[in-house]
Every structure is written in structure tokens, then in C-alpha cells.
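Derivation of every value follows stated rules applied to the coordinates shown; laboratory data play no part. Bear in mind the structure is a predicted one, so any value in this text is a computation, not a measurement. Glycine gets a Cβ as well: all are built from the backbone with ideal geometry, and neighbour counts include every protein chain shown.
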Amino acid sequence: MDSNLVRKNFVEFFKTKSHQINSSASLVVKNDPTLMFVNSGMVPFKQYFLENSISKHSRITNSQKCLRVSGKHNDLEEVGYDTYHHTFFEMLGNWSFGDYFKQETINWAWELLTEVYKIDKEDIYITVFEGSDDADNLPIDAEALDIWKKIVPKSHILYGNKKDNFWEMGEQGPCGPCSEIHIDIRSKEEKAKISAVDLVNKDHPQVLEIWNLVFMQYNRKASGALEDLPKKHIDTGLGLERLCMVLQGVNSNYDTDLFTPIIDEIEALTGFNYKGKSTDTDVAMRVISDHIRAVSFSIADGKLPSNTGSGYVIRRILRRAVRYGFSFLGMKTPFIYRLVNVLSGKLGVIYPELITQKQFIENVIKEEEIAFLRTLDQGLIILDQIVKSSSDKLISGKKAFELYDTYGFPIDLTSLILNEKNLSLDIVGFNKELQQQKNRSKAASESSIEDWVVLIDDPIQEFVGYDMLSTKVKITKYRRVNSVKEGDSFQLVFNLTPFYAESGGQVGDKGYLESTNGDVIYILDTKKENNIVIHSVKELPKKINELFTAVVDKKQRFRTECNHTATHLLHQALRETLGKHVEQKGSAVHSKYLRFDFSHYEKISDNQLIEIENYVNSRIDGQLPLVENRHVPMQDAINSGAIALFGEKYEDVVRTIKFGYSFELCGGTHVKNTSEIWQFKIKSEGAIASGIRRIEAITNDAVKDYHKETNKQFIQIKNLLNNTKNCLLYTSPSPRDGLLS
Ligand code: SER
């Protein structure tokens, strides 16, 4: 069964059980400080499990793009050595938000596996949570056990401990016992030698878990205590690659149709043959075929390789692929980018972003390859110097660490090269240096978050900040945050809020809370977490249960709005001036400036920049009114020409923003008329990655300051040249002058 059919059969099956079929959310997580990437199918639904918002559908099914580069079994450095762990994988899932629970979940899983996929019942093994006698003191999952007993022979039911059979989303949050489904795909002879019962959860490559059915019934609090969830939920995750391995009768995920076209292409490009063994060349091919998927999907979803945060994770994955190609397949020139073509041929039908952004993904990967191969070349020279200057056969761990840390030269390559020269590496010394560095950065970034203290139990919160900048609010919950860097602070949630939380590139509002007796608490930032707006303050109000007046900093908001509207006009200007291939790749809308990243392949000439600036300023002079529609069905918005950003998560009903011909899906705040922006000025333009350019620009007050500064410089130059002529200096009043607080 071809992987496309396997995927389709899954979602179609759950459709017959009244599930809504969703498309995969972006791989890149936004508005969740605990995660960079979606690492499980349930991540895009966290807000529903936490009951911060209510899902329109209580039953959903989909195939979700996931990326795991750390955690149980999934250290990046391990991928490629076995045949069934990956960085990127697809997780098929079915969800119930307070709807069905264990009975339906178990019965449907069995029906799908045995009747639709026709997996032999004899090969299926089930695990059930055995309970725990630790601090949680949890009972055995008797409910699941009873249901399983009715459909599976007792000899195929095993009991699992907390590590394997109790699933937790993270340190805090919804969790519960789970039942894993394992399949034995060994040959008859192997089965006769040893029972699968002894191989379940023992890292056997042919007796492996394919599906995890999680029964969310508890909430883990920051204190570590468990409490019952008011509503019970279902979260299941079935690994598509493993399921394909089972259904296609092969012994490795890399032998399924999801990987073979990529491996064939690696063979063609490198001249090596893949034999499916554990030789260095086979491992290298598995590494590369896995990593090209992770990197391509991340780039398509807007996460480019960089030196920080999640961008650095992508850079590490790609560099690992380059390193394996370099060390084991003799590839000293870029070649990994050439695999994007087969990948998009294979998965582009399901994930069209691989087709629409193919060229872009190829360019980014190729540039990264070139840069890293250059690093490797430099590193080789430095390593040679280290070797020559060392009188010892053991090369110092400290020196190897410097090479790794300062030049990005991989330690395993150092080790390999030293081996070839009959030298050895002081790996203990290297690990010591590495650990010390880890400790330093961990200490600097450590913070702890306490449990919410709930004052009013009403999790659904309203955002009123499109229409008002101040309103009466009640604090519904608060929590303390302690960070090594910044000390104690608090986070507050209100029943309703005029504060815009950082999202879609726009910064969060600042402002204050005023109590009835005039005490003021400053709100330093506003962020969103699992769909809840969180306001950061340094101290708590004295009487926390009062009614407060929440006031947004009008000036900061207005300046930010000028920049946000100008960003939309700039987007349109770029598409009109440079062409429709221009796609937004990122933006930052602050009160002092705006930044816009977009796809374009060459430098923008000075004349084009003037044209772009003029285009935006003519729309400002044109006094275009804001035309806003807050509740449009997503598809209607797209059909009527609104631009959606790829990788952005949209609800079924969206908000559209129109200024003249600029028409976008957007949740941000904007001026009511473009004339309020006063003026737009481009400050810089340049490349930030291959095929991606960045424009930084300013509006309104910042442009006035800019003119003042240029005028000052003009006078200085005039004086320097002893020019006594009277020159008219440029000043112009803003239509908004006097309106600002
Ligand atoms: N959340 C569970 C897992 O990741 C099931 O989807 O295994």
C-alpha cells in the first residue's frame, strides 16, 4: 500500500466516525515558550486540551508534520544508525475534545488496523498502564484493560510502566495513561525462537510501537501534583513511516516508498550503493535522506537555518547531513539541495508548499552547504596546525573544543581525521569543556514558572483591543516567574483585555493597570500562550480581586500601528514593483521601526528602492481608509483575493485587512486611515539568506527624527564647506500631531 493511500485511508476511516479532517499545521510552533517545533500531533491542539479555547469540532483527524531532535530515543546524533527513528516524521492522529473516550478509541484503532489495513491480529501486541507506586500513586488503567480484554487475547496484552505508558505533554499540563500498539514483523523462524512478549519496548527493530493511544484524564500542575481534568480527551499518534514499513512488508522505514526515491537519488549523485546495512556509507545515506525532509519542511514553513534558537536547530541538522556526505560519501561540493526535487515529487501532492517553494528551499540549502563546506576546509587547515604544533600523540580536548566552538568544526570529524593520522583525541577533556559551556548557558537562561493561582475560574478570555485602548478588567489568574537573569516577575490573565499580545510579527502592547485608589502597576509586555493573553508585570497589585482599569500605552500602540499598516503597503509595493514571486518570509513590527523579509533573488537597485518608497508614500497620501472584516470564512477570504502567509496558523474564520488594493489576512492592529502614517522611509535593504532579502523602514515620528538628524548633518557639512548660502531645510507637520498622548 503506497504511503499516500495509507495516509488517506487513515483520515477517511475517521471521517466515517464523524471526525473533521484537518490539514497539517506548520512545523514551527508560535506562541508557546516551551516548544520550538511540533514534536507530536497533539501540539497544534494544546489550547483545546488546556481548555483555553473551545474547538469548533469535538472530533478531528489529520496527518501532522512533526520534528523531534531531542528526547526519548531521538537524539539527533542517533538518527540514521537504526532503521525506525527520524527527525522529521508524519504522525497520523485522531482527537476527541471532551467527546468520546477509551471505549471508542480502542475499538476504532483495532478496527482500522485489522479490517482496513488488514494487519494480522496475531502480530499485534498491546500495552496497558500498570499503575505507579511513586508520589503520584496511580492505579492500573483497569478501564482500558477491560476493553482490550474483550478484543485481544490475554497473551497479547502487556503491562507497562510510567515511562512507556503514561504520556505527559511536558513538565505541566494535560496527561494520562496510554495504550501502545506494537507490531511484530519478524519472520516465522524468528518468531519461533523468541516470543514478541519479550521484545516489546526493548528497541527491537522489528517488534516496534506504531500507535500510541493517550487517554488524557489528568492535569500535571507546576507543583508536580496531579488533578483530574474536568473533561477527558483523546490524543492518538500513529507513525506513518512505521505503518508503511509494516504494510509494505519491508524491514526498515528507509525501504518504504517515503524514502526509496531519495536514497535512489543519493546513490545517483554519490556513486555509492545503499545496501540497508550498518556500514558508514549506509548510515550516511539514511542520515541524509532523513535530514533533507526535516530541513526542507522547516524552510517551507518559514524556519531558515540561522545561529540562534530554532534556526540553529535546522542549521545543525543540515550540517550533520553535509558532514556525513563529506566524511563517508566523499562529497566535497554541495549536493544535498539536489534532493529537494525528488522530495517535492514524492510529497508535494500532500504538502504543496514543497512544490510552490521548491526553488527557494533549494537555494537556501545550497548556500548553507557552500558555507559549511568552506568552514570544513578552514577547520582542516587549523586542525593540521594543531597536529603539527603538538608533540604528543594525544591531542588536547581544549584545543579540539576551540576548533568546535569557534569554527563550528564537528568533533567526530576531528576524531576521524586524528585516527587516520594515528593520533588520538582527549575526548574526556573535550567533554569537560563542553559540559562547562552547557552549564554556563543553562545557568544564564534558567527560569521557573509556578502554577497559576486561579481567582475566577473562567478560562475563555475576550480581546477588545481592536476597538478600545482602555477598559475595566478583573484578574482571573496569575503566576510567579523566576528567572536567573531578571529575578521575580508575575504574569496576569484578565477576563477581557485591550492589550494586543505579540503575534504575527507585531510586538505586544505595554501599558498599565490602575486600581480604584489610583495605584498603578505597569504592564511591561503582552504575549500569547496557548491562545491566552498573558500580561507581564514586575509586582502584583495590593488588592488583587479588585476591578482595575487596564490602559494600553496609546503612543506605542499608534506608532506600532503605523508600522504595521506600512508593512502591508510595503508588501504590496514589492509585489507590484519586483513581481508576484515576492512572498513574505517574516516581519517584525515594532513601535520604532518595521522589518520585512521576503523572497527575491537579486539585489534591489537604488531606483527600485525609490520606486517602492514612492509607491508606499503615494498610498499614504491617498488617504486610504481601513476596510476590516473580522469574521470571514477562511476559504471565502482566499477566494476573494486576500493574501495568506504560508506557515501561519489560521482559524476557520479569519480577519481581513484592506487598504486600497492591499488585502491580507491579519490579526494585527492598524491605523484607521493610511494618512495617519504621515511618511514612510526605507532605512536599509540587504540579503539575510540565499533568496531572502530584508527591508528595514520607519514611519511617522521616526521619519521626523530622521529628517531632523539629516538636517543637522546637512548644516554640519554646509559649515564644513564654509557655505554661507541660505538653504531651506525640510520639515513637514504630521497630520497626527497633537493627537498623541
Ligand atoms: N501524544 C502522543 C505521542 O506523541 C500520541 O499522539 O506519542
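What is the spin-label model distance, in nm, from Ser391 to Ser424 if the labels are put 7 Å beyond Cα along the C-beta direction?
About 2.1 nm, to one decimal.
Which Cα, out of Ile692, Gly408, Ser289, lies furthest along the positive dipole direction of the chain (beta carbon charges, K/R +1, D/E -1)?
It is Ile692.
Sort Ile106, Ile157 by Cβ crowding within 10 Å, fewest neighbours at the top.
Ranking Ile106, Ile157 by Cβ neighbours within 10 Å, fewest first, gives Ile157, Ile106.
So if each residue of separation counts as 0.36 nm, and I subtract the Cα-Cα distance between Gln713 and Asp606, what length gain in nm does that give?
36.4 nm is the gain from fully extending Gln713 to Asp606.
With the Cα gyration tensor of region 351-480 giving a ≥ b ≥ c as the square roots of its eigenvalues, does the rule (a/c under 1.5 for rounded; else a/b larger than b/c for prolate; else oblate) give rounded, prolate or oblate?
It comes out oblate by the Cα gyration axes.
How big is the C-alpha Rg of region 115-189 next to the rule-of-thumb value 2.2 N^0.38 Å, as a ratio?
1.26
Under 5 Å between amide H atoms, partner at least 5 residues away or on a different chain: which partners does Asn94 have, H built in plane at 1.01 Å?
Here Thr236 satisfy the definition.
For region 360-422, what is the Kirkwood estimate of the hydrodynamic radius, computed as the reciprocal of the mean inverse distance between distinct Cα atoms, to one decimal in Å?
Kirkwood radius, region 360-422: 12.6 Å.
Order by neighbour count: Tyr337, Tyr81, fewest other Cβ atoms within 10 Å first, most last.
Least to most surrounded, the residues fall as Tyr81, Tyr337.
Does region 530-597 come out rounded, prolate or oblate, given a ≥ b ≥ c as the square roots of the eigenvalues of its C-alpha gyration tensor, rounded meaning a/c under 1.5 and, failing that, prolate meaning a/b above b/c?
prolate
Using the Cα gyration tensor of region 246-373, with a ≥ b ≥ c the square roots of its eigenvalues, what is the shape: rounded (a/c below 1.5), prolate (a/b larger than b/c) or oblate (neither)?
oblate
Using the Cα centre of the chain as origin and beta-carbon charges of +1 (Lys, Arg) and -1 (Asp, Glu), tell me which of Leu540, Asn723, Val387 is placed farthest towards the positive end of the dipole.
Asn723
Just to confirm the filter: which trypsin sites (Lys or Arg not before Pro) across region 503-602 are DSSP coil and have at most 15 other Cβ within 10 angstrom of their Cβ?
In loop regions of region 503-602 (DSSP not H, G, I, E or B), the sparsely surrounded trypsin sites (Lys or Arg not before Pro) are Lys538, Lys542, Lys543, Lys580, Lys592.
Please list, in order along region 219-230, the HN-Hα scalar couplings obtained from phi with the Karplus expression 6.51 cos²θ - 1.76 cosθ + 1.60 (θ = phi - 60°), rounded to whole Hz, x for Gly and Pro.
10, 8, 8, 4, 5, x, 6, 9, 10, 5, 6, x
What FRET efficiency would be calculated for the residue pair Ser252, Tyr312, taking the C-beta separation as r and a Förster radius of 25 Å, to the nearest 0.05?
Plugging the Cβ-Cβ distance into 1/(1 + (r/R0)^6) gives 0.25.
Using each residue's phi in region 353-366, evaluate 6.51 cos²θ - 1.76 cosθ + 1.60 at θ = phi - 60° and report the 3J(HN,Hα) Karplus result to the nearest Hz, with x for Gly and Pro.
Values, residue by residue: 4, 6, 8, 5, 10, 3, 4, 5, 4, 4, 4, 5, 5, 4 Hz.
For Ile355 and Glu402 in one chain, what is 0.36 nm times their gap in residues minus the Cα-Cα distance, to one decimal in nm?
Working it through step by step, the gained length comes to 12.8 nm.
How large is the charge dipole for region 337-379, taken about the Cα centre, if only the Cβ atoms of Lys, Arg (+1) and Asp, Glu (-1) carry charge, to the nearest 20 debye?
180
When the Karplus curve 6.51 cos²θ - 1.76 cosθ + 1.60 is applied with θ = phi - 60°, which whole-Hz ³J(HN,Hα) does each residue of region 278-285 get, with x for Gly and Pro?
Values per residue, Gly and Pro as x: 9, 6, 4, 5, 5, 4, 4, 5 Hz.
Once you place label points 7 Å from the Cα toward the Cβ at Leu524 and Ile382, how far apart are they in nm?
Each label point is offset 7 Å from its Cα along the Cβ direction, giving 3.7 nm.
What are the residues whose amide H is under 5 Å from the amide H of Thr476, where those residues sit 5 or more places off or on another chain and H is modelled from the backbone?
Val493, Phe494, Asn495
Restricting to DSSP H runs of at least four residues, report the calculated mean residue ellipticity at 222 nm for the chain, -39500 (n - 2.57) per run over all residues, nearest 500 deg cm²/dmol.
Taking each H run of at least 4 residues, the total per residue is -11000 deg cm²/dmol.
If N is the number of residues in the chain, what value comes out of its Cα radius of gyration divided by 2.2 N^0.38 Å?
1.06
With the cut-off at 14 Å, report for region 140-179 the share of all Cα pairs above it, as a whole percent.
52
Nearest 5 is fine: what % of DSSP beta bridges in the chain come out antiparallel, could you say?
Around 90 percent antiparallel, to the nearest 5.
Can you give me the long-range amide H partners of Ser24? Hydrogens built in the peptide plane at 1.01 Å from N, cutoff under 5 Å, separation of 5 or more residues or another chain.
Amide H neighbours of Ser24: Ser63.
Give me the dipole magnitude in Debye, nearest 20, for region 97-142 about the Cα centre, with unit charges on the beta carbon: positive for Lys and Arg, negative for Asp and Glu.
Roughly 200 debye for region 97-142.
Can you tell me the dipole magnitude for the chain around its Cα centre, using point charges on the Cβ only (Lys, Arg +1; Asp, Glu -1), in Debye to the nearest 20?
It works out to roughly 1800 debye.
Counting only Cα atoms, I'd like the Rg/Rh figure for region 1-104, Kirkwood definition for Rh.
Dividing the radius of gyration by the Kirkwood radius yields 0.99.
Quick one: order Ile717, Ile698, Ile21 by neighbouring beta-carbon count within 10 Å, fewest to most.
Ile717, Ile21, Ile698
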